[in-house]
1. Return the residues of region 48-71 that are open to solvent by 60 Å² or more (accessible area, probe 1.4 Å) and in a loop (DSSP other than H, G, I, E, B); say none if nothing qualifies.
2. Of all residues in region 1-33, count the ones that are within 18 Å of the chain's Cα centre (by Cα), under 30 Å from His57 (Cα atoms) and open to solvent by less than 100 Å² (accessible area, probe 1.4 Å).
3. Within region 36-47, is even one residue among the hydrophobic types (A, V, I, L, M, F, W, C), surrounded by 12 or more Cβ atoms within 10 Å (Cβ to Cβ) and part of a helix (DSSP H, G or I)?
Amino acid sequence: MTNTSVLGVGMDEYWRQEPEAARAQWRELWPLLRTGRLDPPISSVFPLEQASAALRHLDERKALGRTLLQIGA
């Protein structure tokens, strides 16, 4: 047994019911991201096709921040 977890959030239904919520969140977040005041630590980015390598990266405890899967180009 390892101490690996995969997290995700299913926000589709919430955003369908509250379409302004996503816009409001991004209005607040985008300036923080753009100016660097909010700088989430990203360890690695893997294309979706390399999801197994991303999981191995996590399982081997190589991640020093978020490990992301990139969907599309």
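The values are calculated or read from the model by the stated rules, or taken from the named source; none is laboratory data. Since the structure is predicted, the reported quantities are computational estimates derived from the model, not experimental observations. Neighbour counts are summed over all protein chains in view; Cβ atoms, including those assigned to glycine, are modelled from backbone coordinates with ideal geometry. These area figures cover heavy atoms from the full protein model, side chains too; ligands, DNA and RNA do not enter into them. Shrake-Rupley method; radii C 1.70, N 1.55, O 1.52, S 1.80 Å.
1. Selection gives Glu60, Arg61, Lys62, Leu64, Ile71.
2. Number satisfying all stated conditions: 8.
3. The answer is no, given that none of the residues of region 36-47 is among the hydrophobic types (A, V, I, L, M, F, W, C), surrounded by 12 or more Cβ atoms within 10 Å (Cβ to Cβ) and part of a helix (DSSP H, G or I).
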